[in-house]
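For reference, the structure discussed in these notes is given below.
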Amino acid sequence: MIPSASTALEIAILVPLVGALLIVLTGKRPNLREAVTLVTAVALFAVVLRIMYSLTREEIIEITLIEMLPGLSLSFHTEPLSILFAAIASFLWIVTSVYSIGYMRGNKEQHQTRFYACFAIALSGAMGVAFSANLLTLFVFYEVLTLSTYPLVAHKGDEAAKKGARTYLGILLATSIGLLLPAIIWTYAIAGTLDFTPGGILEGRIAGGLATVLLLMFVLGVGKAAVMPVHRWLPAAMVAPTPVSALLHAVAVVKAGVFTITKIIIYIFGLDFLVEVPTERLLVYLAGFTVIAASVVALRQTNIKRMLAYSTISQLSYIVLAALVLAPLSEIGAAVHIVAHAFGKITLFFAAGAIYVAAKKTEVTQLSGIGRRMPWTMTAFAIGGLSMVGVPPTAGFVSKWYMIAGAFQNDNYFVLAVLVAATALNAAYFLPIIFRAFFDTEDEPPQKDHGEAPWPMVAALTTTAALVLLFFVFNGPVVDLEYGILKGPQ
Amino acid sequence: MLPLIVVAPMLGAAVAALLPPGRLPWLWATAVSWFMLWAAVGLAAQVMDLGVLSYWMGGWAPPIGIEYRLDPANALLALLIALLAAVVLPFAGPSLAAEVPERKSPWLYAAMLLFLAGQMGISVTGDAFNVFVFLEISSLATYTLIGLGRNRRALTASFSYLIMGTVGATFFLIGVGLLYALTGTLNMADLAARLPDVAATRTVHTAYAFIVVGVCLKLALFPLHLWLPNAYTYAPSAVTALMAATATKVAIYVLIRFIYTVFGPSFAFGEMPTVQLLVPLAIVGLLSTSVVAIGQANIKRMLAYSSVAQIGYMVLGIGMATATGLTAALLHVFNHALMKGALFLALGCIAYRFGTTQIDTFRGLGRRMPWTMAAFVAGGLSLIGVPLTVGFISKWYLVSAAIELGWWPIVAVIIVGSLLAVIYIWRVVEVAYLQPAEDTTRCEAPLALLVPTWLLVGLNFWFGIDTRVTVGIAERAATLLFSTAAGGAP
């Protein structure tokens, strides 16, 4: 039985929740519990594909669950950007689940039921964010995502984990309640609606200077996008187990952030309106600064995961930056980079986790010669790293291409300079690691004799590395789909 | 029906006092509270259909006789009192059996019913002196109830509340007396009609000052709140829940009634510096007591301080002197009762097991009492104002009202207040879920306590998602309070 598209939309949000419930119920029997996780993940992806299918046939789906406040409802819809985010999140959930099983068992972690259940709830939150039809719905699920990931970040339960989780929750809640919510209420006060509408809802209703303030509140209020100075939670959350880092960095959390910002720029402000706001430039500078500053900080990190965290901060601001360039091609670049970065970064984190499980190594300096012991892992790491730099034939090149094209479209040479400089910096911190892993000789005597990590982990990271390469060739469908976001008011 | 809702608990109290000690007084009081709920629902429905209900005591026409008068504003309040009573009384049985000696139970439940009679009386009466009478009835009952706490400090807490409460009631009486001397009437509607002619006199100004200060003592507006933390901390758990949920709310209602109906907004906000008085006190109160709450070691006392802070929000809404602000205040009266009710009931479960609510007791409770702690977290989220809970709805309206007025600093204050709530709630959550307990046996509270607790938690979410009832009544009440003020007599 194939459900109708609007039912599929409801199912997409419910599937992970039901999965979470079943995971809790089957908690006593790990094999069954993991099977539930995998089945749920696959089912969710299938449902998202079903929704994608109807979108390609230009069926318009919109459902309203309930009217929360007069004129404000919990409702969902589909559009190209949301389907992209949903597809990425649900697909990577499958891969991450396979990987988690290897990681959690390999490390003999505690509280695994709580882990899988919270993971599923977080995915439900991500689906809600993806398909929300207005800012209120988006905010609701944004907070679901924040709260459900807190136990994951605090998973280990020791002092460091608690401290990191506190920072994580503190910054995300403070920014969302402190800036995002007032921005939403303000938007409602001036526009009288919060629906995502092609062409935006704010044009002609707010003066240029105030529009910049509002946009700033949105950009900083969406703390998940980690634009400086609200980026501190991301390195703090590095205390979490690696699958959680993957969830944060690639599957759902930061993607939800940049997705939200892109969506607000396109569907709340509208490109045509923002182009006329002169001070919008300030935000471009802020995002550009984040790209460079985070890369410089990453250059100085010795802990692999911390380095990757700062790399994420920089890569996220690529997306925000591209969205703020306001050229049609750069919006596509932003959307494509959500995919490209997801594939690349998840590979890198999977590799970092595999190194930790197999060799208990966490520092860059310990990686000398590890490429010979873990060839699959380190090859995948190299591919992921090259994608971050943006070298062909990787996914990172595709998005960078569109971003640069967009910058030319608007003659925005600041953005161009930032992109070039960031590429150089990325190369400066990824290439030495790859070199060290494959061409340096191992410390004598080796601290621990080891091979590859457990096979589910290797399988997962090989898959995502392959995707990084494949996306370079087969990016057509994604790009075509995303041209849909450029359609003006219907 | 209208007088019955007051008469039933009052006569019920006499009956309860005559019953033999044991379970019988409790069952009787519960039955009476359920009758009150049934009556209150019926009355609220009638008010929504017919507008204003009026009942003349003994058939004497107002303004000579005493009038009971129900409009949307006090219908909401009556519903609230009855609802909380109907949920807390079933909880009170097992909870108070553990905290208060059995031989006192007839008096205990008699006092509880008298308290309810007083509260209900204040909310339905249309007579200013009658308000004082019922205020004293409920206050005297409260002093008794607080004094029943098992810690001996309950007696001093009760005594200091007695002093402060009596001062407040006396101030109120002086004010009413002055009005009577000037106008020769005690009926609120009649007062409202006659006061504008004499509004310029010093007597009316003095009366207003006495009434506002007296009521603010009862509702524990900062800095007149000093009686509240001790009273809430040392009273038996069920009593605290009932008091926190209803007593201060009724005082808030009296304030609204006198400002908007009796004196009228044009007098209260035009001639008297009400805004300049209420708004700064509300702000300082909500910020300072939130900070104080963070430092409390006893969680019951922490929530007591949080209550004072939340009262700040309500007074802020009243002080805004707009229909939206008043709607926000009325909504928060209702919503805060739900969240504090749920939180204090959860604490009651913990006190039932451990006899204390010190933060050390909470170690590892997330595993030992999963349902209780989940209820606490849910109530806490509502207090913070996370979407899908009632707290979010109140905050939404309050922030909207502030934006409408262009009071940007107030928006910031409301938000900082929410963030402080995050800190004090999360402190408990961390201890409960992340600190290991020495004794790890499960000791979940009995079902008789959990069901009422979860009922209130459920209502927190229900009215957070489906806001038709609460927002509907609150909006109608606010518009009515404003329109009657403009048109003289209601």
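Please treat every number below as a calculation from the coordinates, not as lab data. Just so it is clear, the structure is predicted and the values come from calculations on it, not from any experiment. Here Cβ is always computed from backbone atoms with ideal geometry, including for glycine, and neighbour counts include all displayed protein chains.
Observations
- Segment B:LEU24-B:ASN151, length gained on full extension (0.36 nm per residue, minus Cα span): 43.2 nm
- Placing a pseudo-label 7 Å from each Cα along the Cα-to-Cβ vector at A:ARG114 and B:LEU11 gives an inter-label distance of 5.4 nm.
- Within the protein assembly as shown, helix-based [θ] at 222 nm, where runs of 4 or more DSSP H residues each add -39,500 (n - 2.57), nearest 500: -24500 deg cm²/dmol
- Overall form of the stretch A:54-142 per C-alpha gyration tensor (a/c, 1.5; a/b vs b/c): oblate
- Gyration tensor (alpha-carbon) shape descriptor, the stretch A:135-192, a/c threshold 1.5: oblate
- Computed E for A:LEU469/A:THR56 - FRET, C-beta separation, R0 30 angstrom, nearest 0.05: 0.75
- Order of A:HIS450, B:HIS225, A:HIS249 - criterion: other Cβ atoms within 10 Å of each residue's Cβ, fewest first: A:HIS450, B:HIS225, A:HIS249
- The lysines within cross-link reach of A:LYS400, meaning a Cα-to-Cα straight distance under 19 Å and a gap of 8 or more places when in the same chain, are A:LYS255, A:LYS345.
- Length added when fully stretched, A:GLN409-A:ARG232, from 0.36 nm per residue minus Cα-Cα: 60.4 nm
- Ignoring lysines fewer than eight residues from B:LYS218 along the same chain, the ones with Cα atoms less than 30 angstrom from its Cα are B:LYS104, B:LYS249, B:LYS300, B:LYS340, B:LYS395.
- Think of each Lys and Arg Cβ as +1 and each Asp and Glu Cβ as -1; about the Cα centre, that makes the dipole of the protein assembly as shown roughly 2420 debye.
- Theoretical FRET efficiency, 1/(1+(r/R0)^6), r = Cβ-Cβ of B:LYS104 and B:VAL133, R0 25 Å, to 0.05: 0.45
- Label-to-label distance, nm, for residues given as A:LEU25 and B:LEU419 (7 Å Cα→Cβ offset): 4.2
- Förster-model FRET efficiency, 56 Å R0, B:VAL198 and B:LEU4, C-beta, rounded to 0.05: 0.95
- Each of B:GLY385, B:TYR305, A:TYR402 was scored by the projection of its Cα onto the charge dipole of the protein assembly as shown, and the greatest displacement toward the positive side belongs to B:TYR305; charges sit on the C-beta of Lys, Arg, Asp and Glu.
- Separation in nanometres of the label points that stand 7 Å from Cα toward Cβ, at A:THR193 and A:TRP455: 5.5
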